[in-house]
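What follows is a single structure, and I will ask about it in a moment.
Taken together, the values in this text are just the output of simple stated rules run on the coordinates, not laboratory data. Every value quoted in this text rests on a predicted model; they were computed, and no experiment measured them. Note that we place each Cβ from the backbone using ideal geometry, even for glycine, and neighbour counts take in every protein chain shown.
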Amino acid sequence: MNVRKLLVGEKDSVRLAIVGTGALVLVSGTALLFQWQSFRTYQSALPRAWKTLEQIHDRANEIKSLDDEVNADQLLLAEDKPDFFIRQQAAQSNLGEVNAPMRTKIEKGYEDREFTIQPPNRDKFYSRQQLATFFWRIENTTSRMRVTQLKMNLFEKKKHWETPQDLWTFNATLTSRSRKAGG
């Protein structure tokens with residue numbers, strides 16, 4: 001049997017099978033070459049992808065942490081609770097009862113709730129440690145409320161031996177800022 005006659009001669013099923021198989025081998029070889037090139041590209045990009053994935057994971061954890069903090073702040077400073085929160089921090093700082101009237105200011109897409117903190121009695125005085133603890137607890141417990149104004153006056157002493165040194169009266173303004181709805 002002559003190979004040339006087989007390939008060039010009459011059209012029969014054997015010749016069709018050989019040509020078809022050859023074409024299939026060429027297509028398969030091209031696909032395998034393409035897959036090999038893709039594999040090498042992906043393999044070289046894999047370390048960068050892992051690094052990027054780790055960065056995304058770290059950022060997701062940061063976002064989750066910040067989201068948890070905001071949710072905790074919203075629970076602490078809910079519309080009907082901020083004055084309770086302030087009184088609670090005053091009690092835990094051994095400051096006792098304080099007045100915390102609120103006023104609201106809306107500017108540039110933000111809503112500021114300002115609380116003017118005053119002792120209920122003008123003659124009440126506090127140590128600097130009590131005041132520092134109170135203001136630290138306010139700012140450390142929530143990220144949304146800040147001491148924005150503070151005035152401390154040395155308490156007038158009538159007699160040196162009756163009143164310990166370093167006692168103060170105070171007035172303070174605490175501000176809780178939130179984004180205005182739609183702003």
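What is the fewest-to-most order of W168, W36 by other Cβ atoms lying within 10 Å of their Cβ?
Numbers: W168 15, W36 10.
Fewest to most other Cβ atoms nearby, the residues stand as W36, W168.
Given the pairs K81/K151; K105/K151; K81/K180; K64/K105, which span a C-alpha to C-alpha distance of over 27 angstrom in this model? Write down the numbers at each step before the final one.
On the way: K81/K151 25 Å; K105/K151 21 Å; K81/K180 18 Å; K64/K105 30 Å.
Cα-Cα > 27 Å for K64/K105; rest within.
Now for a different question. How would you rank S143, S127, S176, S93, going from fewest to most other Cβ atoms within 10 Å of each one's own Cβ? Write down the numbers at each step before the final one.
On the way: S143 12, S127 15, S176 23, S93 20.
In order of increasing Cβ crowding within 10 Å: S143, S127, S93, S176.
Could you state the orientation-averaged shadow area of the convex hull built on the Cα atoms of region 18-73, in nm² to one decimal?
Numbers: hull surface 22.3 nm².
The Cα convex hull of region 18-73, projected and averaged over all directions, gives 5.6 nm².
Treat the count of other C-beta atoms within 10 Å as a stand-in for reagent exposure and order Y126, Y110 from fewest to most. Please report the intermediate quantities before stating the final value.
On the way: Y126 22, Y110 12.
Ordered from fewest to most neighbouring Cβ atoms within 10 Å, Y126, Y110 come out as Y110, Y126.
Once all Cα-Cα distances of region 77-179 are split into 10 Å bins that start at 0, what whole-number percent is in each one?
The percentages, shortest bin first, are 15, 47, 26, 10, 2, 0.
Work out from phi, with θ = phi - 60° and the Karplus expression 6.51 cos²θ - 1.76 cosθ + 1.60, the ³J(HN,Hα) of each residue of region 99-111, listed in order in whole Hz, and give x for Gly and Pro.
Taking θ as phi minus 60°, the curve returns 8, 9, x, 10, 9, 10, 10, 10, 9, 6, x, 10, 10 Hz for region 99-111.
Check each of the trypsin sites (Lys or Arg not before Pro) in region 47-156 and keep only those in coil by DSSP with at most 13 other C-beta atoms within 10 angstrom; list them in order.
Working: sites: R48, K51, R59, K64, R87, R103, K105, K108, R113, R122, K124, R128, R137, R144, R146, K151; in loops: K108, R122, K124, R144.
Passing both the DSSP loop test and the Cβ count: K108, R122.
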